[in-house]
Amino acid sequence: MIPEQFKTFFDTYTEAVLVTDDADAPVYMNAPCRELTGFNGGNVAAFPIADISKVKVNYTPANDKKNGRWECSYKRANGNELWFKVSVSPLPVDGKNWKIYTLSYNPAHEQLRETLQLSESRFTSLADETPVMIWMTDHTNLTYYFNKSWLDFTGRKLEEEVGTGWFQGVHPDDTQVFNDIGHLLRNNINYSVEYRLKRHDGQYRYILEIGTPRFLPDGSFGGYMGSCLDITEMKMAQVELAAQTKELQRSNEELEQFAYVASHDLQEPLRMISSYVQLISKRIESGKTEGLGEYMQFAIGGVNRIQALINDLLQYSRVNRKGNPFAPVDLNEVMKIVTAHLMNRISETGAKVTFGEMPIVNGDSFQLIRLLQNLTENAIKFKVPDRTPEVHVFAEDRGDYWKIAVKDNGIGIDDKFYSRIFVIFQRLHAREDYEGTGIGLAVCKKIVERHGGEIWVESKTGEGSTFFFTIKK
């Protein structure tokens with residue numbers, strides 16, 4: 001309880017006075033203070049002393065030599081918000097440090113607020129006419145304004161967006177970007193950030209947001225003002241450019257491979273043909289005809305190899321350029337066609353080819369036949385001697401895509417060759433052991449990539465291989 005002499009003294013004050021004890025708890029309030037704060041009647045201990053220290057402007061802390069001073073906003077009981085100038089001084093009472101708070105009304109802030117509100121009213125009128133999405137926050141960084149372009153974009157009402165309501169439209173995977181710039185927001189620093197925001201039609205669009213802090217004439221932080229641009233088309237162009245760059249790199253690699261083919265794989269049978277033709281020519285000139293038939297067969301074999309190489313090269317080069325438009329394809333029907341095409345090879349080897357329930361996918365039916373036929377034919381071709389080939393084709397539903405597998409019991413592949421086998425003209429075995437041009441798996445890889453998937457192999461030498469590939473749904 002405040003000593004009576006102090007109470008009598010402060011009752012004569014025309015200024016608003018509030019006295020607190022050494023625990024800073026209110027113990028006395030004179031009549032001008034009650035009138036100013038609107039705290040009429042009631043126990044003075046219930047006065048919210050902390051409220052006059054919440055927002056401090058022009059703050060000077062108190063110490064032993066000088067009083068503390070600051071300006072603050074205070075919400076009266078009737079809801080009106082006023083700005084006070086506050087001065088606090090020590091008041092020694094019975095060996096304890098009580099405090100005297102002197103409060104005075106400061107209308108400058110109300111005038112400043114009215115000026116600011118008028119300025120913002122003019123600003124919002126202009127902002128509603130711009131196609132750029134614009135927003136503003138208060139000093140607590142809660143958003144209180146969105147212009148017409150923002151509301152048209154989101155299709156939501158202003159009352160749904162204010163505060164933190166707008167955050168509901170941010171893509172769940174992009175919310176972290178705002179945590180990443182938290183230190184900038186806490187220190188009132190300019191920032192820019194990209195994220196996806198849901199449009200009125202439910203589609204997420206890429207947004208570039210730029211935020212700029214606003215400061216009041218007295219230097220205090222007033223909140224952020226920001227602008228947002230829909231940069232989805234620019235992002236798509238960047239993705240397309242990256243894809244084209246990757247495709248160009250792949251094309252350059254193919255050109256290098258083709259150059260290698262022209263200088264090696266095609267040259268070798270040509271040299272052989274040239275050699276046997278010269279031998280045939282010399283035999284004819286000398287009148288010796290023995291062995292001509294054998295020489296002719298060797299030459300014809302070389303011609304056939306060149307023709308096979310050229311045909312496979314054309315098939316490889318046409319995967320992207322000559323592909324058919326995508327349409328629903330029943331892989332059950334595809335496997336029936338594949339087994340019909342391979343009937344002679346199946347009969348010759350006694351192979352057992354089976355397939356499980358296959359899905360309907362979106363793709364190029366001709367290329368999917370070629371893909372599964374190449375994989376199935378390889379599974380039969382690379383068999384263990386004296387072991388009947390067994391090939392099983394099956395599919396697994398992986399949510400966004402189908403995973404297709406071609407499993408065999410053949411010779412298998414050493415894991416160090418897993419990546420090499422999908423490169424054009426890369427052979428692991430002598431041509432005398434297993435026929436072929438070395439293009440089949442390269443064609444498979446290209447077909448799978450055209451369908452937006454991946455292809456790989458898992459294998460154990462001597463036990464068999466399983467080739468996997470994926471197709472998007």
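A short reminder: the numbers here are calculations on the coordinates, not readings from a lab. Just so you know, these numbers come straight off a predicted model, no measurement behind them. FYI the Cβ positions are ideal-geometry reconstructions off the backbone, even for glycines, and counts take in every protein chain you see.
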Fill in the blank from the handout: Residue separation between residue 418 and residue 311 times 0.36 nm, minus their alpha-carbon distance, gives in nm 36.0 nm
Handout entry: the stretch 175-209 residues near the modelled residue 234 label - backbone nitrogen below 12 Å, point 7 Å along Cα→Cβ
Key = 193-195, 206-209
Completion exercise
Two pseudo-spin positions, 7 Å from Cα along C-beta at residue 396 and at residue 362, lie apart in nanometres by 2.4 nm
Handout entry: 3J(HN,Hα) from dihedral phi, the stretch 344-360, Karplus parametrisation 6.51/-1.76/1.60, rounded to Hz, x for glycine, proline
Key = 5, 5, 5, 5, 5, 9, x, 4, 10, 10, 10, 8, x, 5, 9, x, 9
Exercise for the section: First measure r as the distance between the Cβ atoms of residue 130 and residue 76, then evaluate 1/(1 + (r/R0)^6) with R0 = 45 Å and state the FRET efficiency to the nearest 0.05. Expected result: 0.75
Practice task
Kindly write out, for the stretch 136-143 in residue order, the coupling ³J(HN,Hα) from the Karplus curve 6.51 cos²θ - 1.76 cosθ + 1.60 (θ = phi - 60°), rounded to whole Hz, with x marking Gly and Pro.
Solution key: 9, 10, 8, 5, 9, 6, 8, 6
Problem - Nearby lysines by direct alpha-carbon distance to residue 96 (threshold 27 angstrom, same-chain neighbours under 8 apart not counted) - result: 7, 54, 56, 65, 66, 85
Fill in the blank from the handout: To the nearest 0.05, the calculated FRET efficiency linking residue 242 and residue 210 through their beta-carbon distance, R0 being 35 Å, is 0.90
Exercise for the section: Just rank 36, 185, fewest to most, by other beta-carbon atoms within 10 angstrom. Expected result: 185, 36
Fill in the blank from the handout: One computes Rg over Rh for the stretch 4-105 from alpha-carbon atoms, with the Kirkwood Rh, and obtains 0.94
Completion exercise
Toy charge model, Lys and Arg Cβ at +1, Asp and Glu Cβ at -1: the stretch 110-230 dipole around Cα centroid in debye, rounded to 20, equals 80 debye
Handout entry: Stretchable slack from residue 121 to residue 96, in nm (0.36 nm times residue separation minus alpha-carbon distance)
Key = 3.9 nm
Exercise for the section: Using the structure shown, select from 416/446; 352/472; 352/473; 198/445; 246/336 the pairs with a Cα to Cα distance greater than 25 angstrom. Expected result: 352/472; 352/473; 198/445; 246/336
Exercise for the section: Let me know the Rg and Dmax you get for the stretch 110-230 when you use only its Cα atoms, in Å. Expected result: 14.4, 45
Completion exercise
Env charge @ residue 329, Cβ radius under 14 Å, K,R +1 / D,E -1, value +2
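Please work out the ratio of the alpha-carbon Rg of the stretch 324-473 to 2.2 N^0.38 Å and round it to two decimals.
Dividing the Cα Rg of the stretch 324-473 by 2.2 N^0.38 Å gives 0.99.
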Problem - Inter-centroid distance (Cα atoms) of the stretch 336-391 relative to the stretch 10-43, Å - result: 95 Å
Completion exercise
Here FRET efficiency (C-beta to C-beta, residue 50 to residue 450, R₀ 56 Å, nearest 0.05) is 0.25
Fill in the blank from the handout: When 285, 161 are ranked with the fewest other C-beta atoms within 10 Å first, the list becomes 285, 161
